[in-house]
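Take a look at the structure below.
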Amino acid sequence: MIDVINLKKSFGNLHVLRGVNLSVKDGEKVCVIGPSGSGKSTLLYCLNCLTDPSDGEIIYEGKDITDFKVNINEVRESIGMVFQQFNLFKHKTVLENIILAPVHIQTKYLRKGIKDYGNSKKEIIENNKKYAMELLEKIGLSDKANAYPSTLSGGQQQRIAIVRTLAMKPKLILFDEPTSALDPEMVKEVLDLIRDIAKENITMIIVTHEMGFAREVADRVIFMDEGVVLEEGTPEEIFDNPKMSRTKEFLSKVL
Amino acid sequence: MRVSFSEIFKMILETLGMTFISCGLAYILGLPTGILLNVTSKKGIMPCKWLNTILSLIINILRSIPCLIIVVLLMQTVRDIFGRATGEWYAIIIPLFVTSFGFVSRMVEQSLAEVDNGKIEAIESLGATKFQIITKVLLPESRASLISGLAVTLVSILGYTSFAYNIGAGGLIAGIWKFYSKNTGDYLSEPFFWIMIIVVILIVQGIQELGLLISKKIDKRRIL
């Protein structure tokens with residue numbers, strides 16, 4: 001689904017990514033671990049071109065999306081992203097946050113004459129509201145639909161942010177340390193939700209410091225250090241039997 | 001010399017007229033310019049160094065010319081537009097607009113800069129175009145700050161309306177000065193002098209409080 005070939009990114013003299021190669025198959029759940037500053041988040045930000053790579057290719061569904069001729073916004077419609085800081089729009093209610101992007105995109109298709117999502121903007125909004133409420137129902141937050149994000153706990157906000165991503169029906173979701181900004185007692189509710197999503201056929205790339213979670217949910221674990229992928233394998237291979245001394249050292253510190 | 005209440009009322013209308021109309025004009029031009037300044041800055045969503053430098057330069061030059069000088073510089077322009085450059089309340093509108101335009105641009109730029117970069121990344125990741133980033137995130141997320149900026153701008157333009165005196169354009173502040181110059185001996189003991197000053201204070205208070213109130217009302221960032 002997505003192939004990263006020799007991806008490099010530098011900020012001035014700081015070389016954050018020094019040639020990352022990574023290939024993720026359809027439906028695969030990949031967890032990226034590694035010390036701070038190893039380039040995990042930068043890699044993730046490059047995958048939907050929120051950060052423009054300095055060099056290398058990212059082939060997503062057959063197209064090199066680093067090519068400026070590719071309409072990156074169309075690519076982003078099928079790539080969801082969940083941020084460390086949730087990034088909900090604070091002047092919009094929970095429901096408005098969730099339906100904002102899909103309503104816009106579907107209205108755009110309607111204008112092009114594609115009526116898959118509804119025959120009028122009103123109908124599209126109604127459909128999206130219904131779907132958003134279904135999703136909120138699933139995570140037990142349907143009573144918060146008209147609340148503003150500032151009135152919710154961190155865990156609730158992050159779950160809403162995940163639902164906002166799901167509302168786009170993405171094929172690939174990028175998680176950037178989704179629990180790092182949360183109070184400890186809220187980590188579980190967010191991880192539980194991600195676990196639930198992992199059961200579906202959505203490809204997921206998760207940057208995380210939750211090793212127990214990575215072991216459980218990942219099909220494959222990537223260990224990054226100093227801007228390269230140092231080691232990759234099944235969770236068992238990486239956590240129980242790491243080959244590289246750097247991986248061993250890192251795991252001995254965090255496990 | 002005496003002033004009647006109806007004269008004071010006329011001065012109030014003139015002052016409000018100059019202030020709001022020139023402020024409106026300043027925002028019509030200043031809002032887009034402020035947005036442009038923000039998005040073309042180094043950390044903006046479409047950095048463009050030359051455009052940002054040129055805009056900054058123009059605004060800095062405009063802002064460093066004192067209002068009175070701008071009034072003088074624009075005399076001919078005002079005459080071309082209105083037929084005369086002095087004596088009527090609307091003669092001061094163009095100079096006030098030119099003076100406050102740079103101020104407004106900077107205010108808008110600052111307000112937009114307060115928007116958390118994460119929100120911009122979030123909407124980008126949802127596939128928003130640059131224009132949508134501006135209309136769906138930058139402007140809505142900074143609206144509380146934009147409104148309080150508007151109140152500050154109005155009050156500062158109100159202060160600038162004192163230069164209306166120099167071209168006989170009237171208004172309340174010029175009226176106070178006129179009243180003083182006609183009653184130099186005992187102006188402090190004239191109740192009308194104080195009434196006019198109190199009216200100015202009330203107008204400023206009103207604008208400021210209303211601005212704060214609206215700003216708070218639409219600010220959803222705080223826990224209500």
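The values are calculated or read from the model by the stated rules, or taken from the named source; none is laboratory data. As the structure is a computational prediction, the values presented were derived from the model and not from experiment. Neighbour counts are summed over all protein chains in view; Cβ atoms, including those assigned to glycine, are modelled from backbone coordinates with ideal geometry. All accessible areas refer to the heavy atoms of the entire protein, side chains included, with ligands and DNA or RNA removed. Shrake-Rupley method; radii C 1.70, N 1.55, O 1.52, S 1.80 Å.
Determine whether region A:27-47 contains at least one residue that is assigned to a loop (DSSP other than H, G, I, E, B) and over 30 Å from A:T234 (Cα atoms).
There is no residue in region A:27-47 that is assigned to a loop (DSSP other than H, G, I, E, B) and over 30 Å from A:T234 (Cα atoms).
Regarding B:F101, is this residue farther than 30 Å from A:F83 by Cβ and open to solvent by less than 60 Å² (accessible area, probe 1.4 Å)? When the stated conditions are applied, B:F101 passes them.
Filter region A:235-251 for residues that are part of a loop (DSSP other than H, G, I, E, B) and touching a strand residue (DSSP E or B) at 6+ places or on another chain (Cβ under 7 Å) and give the result.
A:P242, A:K243, A:M244
Which numbered condition in (1) touching a helix residue (DSSP H, G or I) at 6+ places or on another chain (Cβ under 8 Å); (2) more than 24 Å from B:K10 (Cβ to Cβ); (3) not small (G, A, S) is the only one that B:L213 fails? Only one criterion in (1) touching a helix residue (DSSP H, G or I) at 6+ places or on another chain (Cβ under 8 Å); (2) more than 24 Å from B:K10 (Cβ to Cβ); (3) not small (G, A, S) is unmet by B:L213, namely (1). Of all residues in region A:51-77, those satisfying the criterion of being within 14 Å of chain B (Cβ to nearest Cβ) and open to solvent by 20 Å² or more (accessible area, probe 1.4 Å) are A:T51, A:D52, A:F68, A:V70, A:N71, A:I72, A:N73, A:E74, A:E77.
Conditions tested, residue by residue: (1) open to solvent by 30 Å² or more (accessible area, probe 1.4 Å); (2) in a helix (DSSP H, G or I); (3) of a type in the set (K, R); (4) away from chain A (no Cβ under 14 Å).
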residue	(1), (2), (3), (4)
B:T161	no, yes, no, yes
B:Y165	yes, yes, no, yes
B:A169	no, no, no, yes
B:T184	yes, no, no, yes
B:I195	yes, yes, no, yes
B:L202	yes, yes, no, yes
B:L213	yes, yes, no, yes
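Looking at B:R106, B:R84 in this structure, which one is over 28 Å from B:M11 (Cβ atoms) and open to solvent by 20 Å² or more (accessible area, probe 1.4 Å)?
Unique residue meeting the criteria: B:R106.
Scanning region A:99-124 for residues that are assigned to a loop (DSSP other than H, G, I, E, B) and of a type in the set (S, T, N, Q), which turns out farthest from the other protein chains (Cβ to nearest Cβ)? Can you show your working first?
Step one: filter region A:99-124 for residues assigned to a loop (DSSP other than H, G, I, E, B), giving A:112-120.
Then keep just the ones that are of a type in the set (S, T, N, Q); that gives A:119-120.
Working: A:N119: 23, A:S120: 21 Å.
Among them, the one singled out is A:N119.
Of the residues that sit in region A:78-88 and are assigned to a loop (DSSP other than H, G, I, E, B) and either over 18 Å from the mean Cα position of the chain (by Cα) or crowded, with 21+ Cβ neighbours inside 10 Å (or both), which one is nearest to the other protein chains (Cβ to nearest Cβ)? Checking each candidate, the answer is A:N87. Is it the case that A:E96 is in a helix (DSSP H, G or I), away from chain B (no Cβ under 12 Å) and among the charged types (D, E, K, R)? Criteria not met by A:E96.
Whenever a residue of region A:149-178 is touching a residue at least 60 places away in the same chain (Cβ under 8 Å), its partners that are of a type in the set (D, E, K, R) and open to solvent by 20 Å² or more (accessible area, probe 1.4 Å), lying with C-beta atoms within less than 7 angstrom and at least six residues away or across chains, give the pairs A:P149/A:K90; A:S150/A:K90; A:S150/B:K220; A:S150/B:R221; A:S150/B:R222; A:G154/A:D183; A:M168/A:E77.
With region B:26-128 as the region, which helices (runs of 4 or more DSSP H) entirely inside it contain at least 3 residues that are of a type outside the set (D, E, K, R), in contact (Cβ under 8 Å) with a residue 12 or more places away in the chain and touching a Phe, Trp or Tyr at 6+ places or on another chain (Cβ under 8 Å)? Before the answer, list the steps.
Values: elements: B:49-64, B:67-73, B:75-82, B:93-113, B:117-125.
Answer list for region B:26-128: B:67-73, B:93-113.
Quick check: is even one residue across region B:147-157 within 14 Å of another protein chain (Cβ to nearest Cβ) and touching a residue at least 12 places away in the same chain (Cβ under 8 Å)? Checked against the condition, which is being within 14 Å of another protein chain (Cβ to nearest Cβ) and touching a residue at least 12 places away in the same chain (Cβ under 8 Å), region B:147-157 yields at least one hit. The criterion of at least 2 residues that are open to solvent by less than 20 Å² (accessible area, probe 1.4 Å) and away from chain B (no Cβ under 14 Å) is met by the following strands (runs of 3 or more DSSP E) wholly inside region A:125-228: A:203-207, A:220-225.
Within region A:89-112, can one find any residue that is open to solvent by less than 20 Å² (accessible area, probe 1.4 Å) and on the phi > 0 side of the Ramachandran plot? Looking through region A:89-112, none of the residues is open to solvent by less than 20 Å² (accessible area, probe 1.4 Å) and on the phi > 0 side of the Ramachandran plot.
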